[in-house]
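Comments concern the structure below.
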Amino acid sequence: MNLRFASLLAVLALSAAAFAQSPASPALPYSPSLDLTSMDKSVDPCVDFYAYSCGGWQKANPIPPDQTSWSVYGKLYQDNLQFLRGILDQAAATKTGRNEATREIGDFYGACMNESLVNQRGLEAIRPQLKSINGLQGASQIAPLTASIVLPFGGTLLFDSGSTQDPDDSEKVIADLGEGGLGLPDRDYYTKQDAKSVEIRARYLVHVQKVFELLGEKPDAAKAHAEVVMRMETAMAQASWTRVEKRNPYNLKDKLDLAGLEKLAPAFNWPVYFREAKYPKFEIVNVESPKFFKQVNELIKTEPLDNWEAYLSFHLVDAYSRFLSQPFIDENFNFYNAYLRGAKEQQPRWRRCVQYTDYNLGEALGQAYVAKVFSPELKAQALDMVTRIEDAMRARVQQLDWMSDTTKKQAVIKLERMRNKIGYPDKWRDYSSIRLTADDFAGDIERAGAFEQHRQINKIGKPVDHGEWDMSAATVNAYYNPQMNDINFPAGVLQPPLFDLRIDLAPNYGDTGGTIGHELTHAFDDEGSQFDAGGNLKNWWTEEDRKNFDARTQCVDDQYSSYIAVDDVHVNGKLTLGENVADLGGEILGYMAWQAKTAGLDLKPIDGLTPEQRFFIGFAQWDCSNMRPEDLRVRAATDPHAPGRFRINGVVANMPEFQKAFNCKAGQPMVRPEKEMCKVW
């Protein structure tokens, strides 16, 4: 339930109250947190608890043709998009009397929805950037060029750049450089030699060639340029960290001064790059992958200028394809969504436009959303649950028989210093500096991306803003930030069927209680446990306790590595380790908090299900889902989460409380032998 995504300036003047009276936005449809029709009671819960809890949902909810997967989370997200559409339709249609924020979201969304104008402009929308690439006079110009061209959603050409909290002093913000430059979803797509990986690379070559043909090149020239792009990307991929290696924060820490950076990659003009990108003066930059930048340096030295023009042109166009005319949209969809992930048709344009608006102007749009769906009562109830989950964690730490008192003390200190952010930020981001127009959608995308890039860069040297959120209020997700040491629950995820005040506490604690526990446990998973209470990359464990912890997480790694995600592809137990540890720890905490909340109450069965059974079914039904095999294959390589079936069955198989609730017997699939049960937190 955790996604990796990223101060807050002034309060916007958006009139949320006016939107709250708008008839254009339908109410969010209600679905209970425990739905009997979602179950398949013909299945023995002790054999396959996921099928027992979600089998009915899976049959009743086939994957829509424009989706690569479908889930309870996904359905709520789509309901949110429909809700936000009403807000945006009104904002776009209202031309007079609008305040600044309403104009911003209305013009951005309206420009996106003006499909005829987008098609009419075609490639002309990014012609100036293409001309600057084609006008390269020498390798020395690669640095200022990459600084001047901003890709959508705050991206940059060739590598990632911006800022980060100092891993050694989390209250400071320093410059940061990271890997990038690839068109396929992960570096492993370039390095693996199995038949499917070879096929994907061949199909990617065809995609790159088609993009060059859309740029006006003849097939032979387009094919040659596609091969250049593939060769250069492969070299970068081979010098990139694996996703498992990226889970070790020490691998991503290499702090250099400017002289050290110039020594690392002297062929790239770093002073010019930082000047053109408008960086403030700084002394230290964190280079997340020195090996990658050494490889970029080698490519600058050895690749002809024509090859660099081809590489940069492709990445510019490929990144903007979704915001250009239909031929570019179609080619982007055909490869990335249809071929790689199995989608059967494109999402309707309005849905894409709502998503683009939410991503780029999420805190303007989020205010109207919060005013309609997130009451003070809802926030208070969510915060009460968070407090109870934290109490359970405090008690759980004291119960651990494998951890010393010294480390327990530090764990409790970290827990007590954790910040809880519920619903929405206290201050909303100010987007008024972005020049948005109703007749230049690609330009709006570029300027919104530049705004975010500059916002990140301008943090350097300033105090950390602990009120900042990395997700918009309407997002159906939650996350833990190890350097901030905070857990974040947007209003979008605190809606039925995930958080439901209309029904009993058991499924609520099984579902959202487990989610809260999940995010809290991320502070103590294989990655989060390496940061101290202040968010600094610092060991706070005794040597013996760390060995015990590693042995227990290895149990989780081994368990999930035995599961098959799709075809012959296993779940990557190391990539998914943090999420799996958090799933297990979170549900244990949710169960403890629920028991404490209901202590002394005479709880009765409802609908023939005991309170304990309802707790676990509520847990399972948050992740009812159907997934296309193509999407499962991509996720197996890139997603730190295991498929839903294993996230549920893998947890309950390690919980004696579940086995007691359903009277499971030794030897049944949902019952791991006592000596094999994974016990971390």
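Since every read-out is calculated from the coordinates, none of them should be taken as a lab result. Values in this document were obtained by computation on a predicted structure and should not be read as measured data. Counting neighbours? That spans all protein chains shown, and the Cβs are built from the backbone with ideal geometry, glycine included.
Normalised Debye scattering of segment 451-538 at q = 0.18 Å⁻¹ gives log10 I(q)/I(0) of -0.90, counting only Cα atoms as equal scatterers and leaving out solvent. In order along segment 378-391, phi translates into HN-Hα couplings of 4, 5, 5, 5, 5, 5, 4, 5, 4, 4, 5, 5, 5, 4 Hz, rounded to whole numbers, per the Karplus curve 6.51 cos²θ - 1.76 cosθ + 1.60 with θ = phi - 60° and x for Gly and Pro.
Of the chymotrypsin sites (Phe, Trp or Tyr not before Pro) found in segment 278-322, not one falls in a DSSP loop while having at most 12 other beta-carbon atoms within 10 Å.
Entry note, the chain: the mean residue ellipticity at 222 nm calculated from DSSP H runs of n ≥ 4, each adding -39500 (n - 2.57), is -15500 deg cm²/dmol after division by the residues and rounding to the nearest 500.
Could you list, in their original order, any pairs among Lys372/Lys421; Lys172/Lys427; Lys414/Lys604; Lys246/Lys379; Lys75/Lys344; Lys409/Lys604 whose Cα atoms are separated by more than 29 Å? Table pairs above 29 Å Cα-Cα are Lys414/Lys604; Lys246/Lys379; Lys409/Lys604. Note on segment 314-350 and segment 223-271: Cα centroid distance 27 Å, given to the nearest whole angstrom.
Taking θ as phi - 60°, what are the ³J(HN,Hα) couplings along segment 221-235 by the Karplus curve (6.51, -1.76, 1.60), each to the nearest whole Hz, with x for Gly and Pro? After applying 6.51 cos²θ - 1.76 cosθ + 1.60, I find 5, 5, 5, 4, 5, 4, 5, 5, 4, 4, 5, 5, 5, 4, 4 Hz.
Loop-located GluC sites (Glu not before Pro) across segment 319-387 with a Cβ neighbour count of 14 or fewer within 10 Å are Glu345, with loop assigned by DSSP. The simple Förster model, with R0 at 56 Å and r as the Cβ-Cβ distance, assigns Lys408 and Thr96 a FRET efficiency of 0.35. For the chain, the normalised intensity computed at q = 0.05, 0.06, 0.07, 0.11 Å⁻¹ comes to -0.24, -0.35, -0.48, -1.26 (log10 of I(q)/I(0), Debye sum over alpha carbons, equal scatterers, no solvent). Here segment 43-123 was treated as a single set of alpha-carbon atoms; its pair distances binned every 5 Å from 0 give 3, 12, 14, 13, 13, 13, 9, 7, 6, 6, 4, 2, 0 percent. Each label point was placed 7 Å from the Cα along the Cα-to-Cβ direction; for Leu205 and Glu171 their separation is 5.6 nm. Note on segment 277-400: along the principal axes its Cα atoms extend 62, 44, 35 Å, ordered by decreasing extent.
Between Gly162 and Asp176, the built amide H atoms are under 5 Å apart, and every one of these is 5 or more places off in sequence or on another chain. In the chain, a dipole from Cβ-located charges (positive for Lys and Arg, negative for Asp and Glu) runs towards its positive end, and of Trp469, Gln209, Trp402 it is Trp469 whose Cα lies farthest in that direction. Residue exposure proxy: Thr406, Thr242, Thr357, ordered by other Cβ atoms within 10 angstrom of their Cβ from fewest to most, comes out as Thr406, Thr242, Thr357. Applying D = kT/(6 pi eta Rh) to segment 127-342, where Rh is the Kirkwood radius over alpha-carbon pairs, T corresponds to 37 °C and eta to 0.692 mPa s, the Stokes-Einstein value obtained is 181 µm²/s. Close amide H pairs (under 5 Å, H built 1.01 Å from N) link Lys255 with Val287, residues at least 5 positions away or on another chain. With semi-axes defined as the square roots of five times the eigenvalues of the C-alpha gyration tensor, the equivalent ellipsoid of segment 76-122 measures 19, 17, 7 Å, largest first. This ranking places Ser529, Ser71 by how few other beta-carbon atoms lie within 10 Å of each, fewest first, which gives Ser71, Ser529. Across segment 357-372, computed HN-Hα scalar couplings (Karplus, 6.51 cos²θ - 1.76 cosθ + 1.60, θ = phi - 60°) run 5, 4, 5, 7, 10, x, 7, 7, 5, x, 5, 5, 4, 4, 4, 8 Hz from first to last residue, x flagging Gly and Pro. In this Cβ point-charge picture (+1 for Lys and Arg, -1 for Asp and Glu), segment 127-342 has a dipole of about 240 debye about its Cα centre. Close amide H pairs (under 5 Å, H built 1.01 Å from N) link Ala565 with His570, Val571, residues at least 5 positions away or on another chain. Here the chain is assigned +1 on the Cβ of each Lys and Arg and -1 on the Cβ of each Asp and Glu. Its dipole about the Cα centre then comes out at about 460 debye.
Exposure proxy check: Tyr369, Tyr250, Tyr189, Tyr339 ranked by fewest other beta carbons within 10 Å?
So the residues, fewest neighbours to most, are Tyr250, Tyr339, Tyr189, Tyr369.
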